[in-house]
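What follows is one structure encoded as structure tokens, with my remarks underneath.
What follows is calculated from the coordinates using simple rules that are stated; it is not laboratory data. Since we're looking at a predicted model, the values are computed, not measured. Neighbour counts are summed over all protein chains in view; Cβ atoms, including those assigned to glycine, are modelled from backbone coordinates with ideal geometry.
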Amino acid sequence: LEQDRNFLDNETCPYFSSNCTKQYYADQYGVNYLAMNDFNDLFGGAMIILIPIIAGLAIVIMWFTISRIMADSRYETAIYRAIGARRGDIRRIYLAYVTILALITGLIAISLGFAILLIVSNCFSRAITAALQSALSLTGQDIVFSFLAASSQTTAMCGLIVLLIIVTCWLSSITPIIRNTLRQPIDDLRSQ
């Protein structure tokens, strides 16, 4: 790719140039894999910036949500403690609750993502297929572009997303669980 770019830059003039001193006239049109590589580099660079921002925002929102749920359940914690539950029992109950909540959140996130991907694929798949067949001279071949390609990498990414959601929920529940289990049950029972 670098040799092709260097050739286009150093050895050719654009077709519309009237005072060309170089031996060849050429444009990037017709050498579409260079344009596709440039697009891939641009899209990859944007994703490197956007994914951490989106993930960070999701983590902060999840952190506050779990913290608020735990803070609102002080009365239940006090009831558990009043009937004889130990702090470790309460921690396990809340960790199980948070894990179930994280699994449901992960399932909804992946289902929503695939639904959006299906809609995008249905809307743009034919146009992208036609553009790719034209750009790569693949006419007459039965090649269809699809956003929905199931692979081991897709499965691994979905698993990683669910795992990150679970870990984030666990981390965000540590402080509220400790705060709830260290409080005196009588104070929380009186506040209701």
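Quick notes on this structure:
- Positive minus negative residues near residue 3 (Lys, Arg vs Asp, Glu; Cβ under 15 Å): -3
- For region 39-62 and region 159-192, distance of Cα centres in Å: 28 Å
- Label sites at residue 54 and residue 99, each approximated as a point 7 angstrom past Cα along Cα to Cβ, lie 2.9 nm apart.
- Set the Cα radius of gyration of region 40-138 against 2.2 N^0.38 Å, with N its number of residues, and you get 1.78.
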